[in-house]
Structures are given as C-alpha cells and as structure tokens.
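The values are calculated or read from the model by the stated rules, or taken from the named source; none is laboratory data. On a predicted model such as this, the values are computed, not experimentally measured, just so you know. Note: ideal-geometry Cβ built from the backbone for every residue, glycine included; neighbour counts use all protein chains shown. All accessible areas refer to the heavy atoms of the entire protein, side chains included, with ligands and DNA or RNA removed. Shrake-Rupley method; radii C 1.70, N 1.55, O 1.52, S 1.80 Å.
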Amino acid sequence: MKGLLTKDLLTIQKKYGMKRLVMDIAIIIALMIVLEGTGAIYISFLLIPLEVTSMVISLTTCDEQWKWGKYAISLPISKTQIVKSRYVFAGSMALIGLGVALLVNAISYFCFPAYRFGFYLFIAIASFCVTLIFLSFTLPSNYSLGVNAGFAAMIILVVLLVVLGIWSKLTDNAIMWFIVEHFETSMGIAFVSTIMLFALSYALSTTFFKRKYV
C-alpha cells in the first residue's frame, strides 16, 4: 500500500506543484486581510474542503485517463487495499487541512478576537469534519459512477453549505451561538458522526470497486 500512497503523492505534486501552493497561500492571506474576523470561517468551511476534495477528484481523473484501475487489480494487492490507500491519502490531506485551519483560526483569534478561543478551535475541527463529509460523498460517487459524479456531489455539497450559511445568518447565527453554549457536546457529536460516515463511505467505495472489477 505504501507504493500506492507514493503514486498518489507524486501525481498530486506533478499536477499541482509549487505554483498551486503559492496561490493557495495568497488566497488565504487575502481573505484574512479583506474579511478580517470572518476570513477564518470562509477558509475553514469553503476553501480547505474544496481544495482537499478537488485534489482527490484530480486523482480519480488521472486514474480514469490512465486506466489505472485495470492495472491496479493485477498487482499483488487486494482490491480492498487499493481503496484503503486512497482513503488513507484523502484522510492525510484532510489532516493537513486541519493543520491549516488551526493556524488560520489561531491567527484570527489573536488578530480579530470576537469569540473565546474554544470557538475558533471548534471551527478548525469543524473544518476537518466538513472536509471528511465532502470526501465521504465524493469518493463513493467516484467509484460508482466516475469522476463526473464525484464532481457533481462536491458541487451539491457546496450549495448546501452556502444555503446553511445563509440560513444561519438570517437566524442571527443561531447555529454558532448554540455551538458556543454547548461546545463539548457539539464537538463530540460532530466528530463521532463524521468518523462513522467516513467509515461507511469506505465500505461503500470498496463494494463499488469490487463490483466494477469483478
């Protein structure tokens, strides 16, 4: 499985490169300067999940172009391991996104302190959960219907997230205040439910991949 992870890493490095990294950093800095206190929220809930999910979709696009699936099943590894390696890589990208979210929210707390530090910590962890949710729907879609289905799933999730943000704003940020008042409970429910969803997603993706290459 180490070889599969290395293959995915090299693919991402070749497809994105240093220019994409510099561009992402520039976007983060611009959002923090222009939006100030709310910049961390947009970065955590939109930029990071979209960036991580788009990378995973790019891997699927390359797999389809190279007909990687037919070659992969001829390797001395199981189909389960092939799917597992993609989920491990996706999870690793989500963890990197978590690190970025923690850094961004820490900067936001010290520069634009509007809430307690625990709230910014929750935003970072919630960003990780949102990223896993995006991956949980995108990956099975990729394995069942192809890269276009995965892209469509990502767009639908973005729309739902935007609608949720608008609704929260119309209700005077009721969701945010509930989180502040029930911090530990909210964090526990969000984390456990997201991990369970990611595990279910892995099981579905494994089933779809096995059926595709019987």
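Data overview
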read-out: Residue (of TRP68, THR171, THR11) at the positive-pole extreme of the chain, dipole from beta-carbon charges; value: TRP68
read-out: Degrees between helix 117-145 axis and first principal axis of the chain (Cα, 0 to 90, nearest 10); value: 30 degrees
read-out: At most 12 other Cβ within 10 Å, DSSP loop - trypsin sites (Lys or Arg not before Pro), the range 26-102; value: LYS67
read-out: The chain: most fluctuating residue of VAL147, VAL88, VAL100 per GNM, C-alpha cutoff 10 Å; value: VAL88
read-out: Contact order normalised by residue count of the chain, Cα under 8 Å, 6+ apart, percent; value: 26 percent
read-out: Highest-MSF residue in the chain out of LEU157, LEU35, LEU197 [GNM, Cα springs under 10 Å]; value: LEU35
read-out: Heavy-atom surface of the chain, accessible at 1.4 Å and reported per residue (Å²); value: 55 Å²
read-out: Flagged links, alpha-carbon separation over 21 Å, of LYS15/LYS212; LYS14/LYS210; LYS14/LYS79; LYS7/LYS70; LYS14/LYS67; value: LYS15/LYS212; LYS14/LYS210; LYS14/LYS79
read-out: For the chain, calculated [θ]222 nm from helices alone, where every DSSP H run of n ≥ 4 adds -39500 (n - 2.57); value: -29500 deg cm²/dmol
read-out: Listed residues MET187, MET196, MET23, most fluctuating in the chain (Gaussian network, C-alpha, under 10 Å); value: MET23
read-out: Cα gyration tensor, the range 26-85 - rounded (a/c under 1.5), prolate or oblate; value: prolate
read-out: Prolate/oblate/rounded label for the range 82-166 (Cα gyration tensor, a/c 1.5); value: oblate
read-out: Positive-end residue, the chain charge dipole about Cα centroid, Cβ charges, pick of ILE57, MET23, VAL34; value: ILE57
read-out: Percent accessible area from carbon and sulfur atoms, the chain, protein chains only, probe 1.4 Å; value: 74 percent
read-out: Assigned charges on the beta-carbon of Lys, Arg, Asp, Glu; the chain dipole about Cα centre (debye); value: 1120 debye
read-out: Where N is the number of residues in the range 1-40, Cα Rg divided by 2.2 N^0.38 Å; value: 1.68
read-out: Among [x] 18.1, 65; [y] 18.2, 56; [z] 20.7, 72, the entry that matches Rg and Dmax of the Cα atoms in Å as calculated here; value: [y]
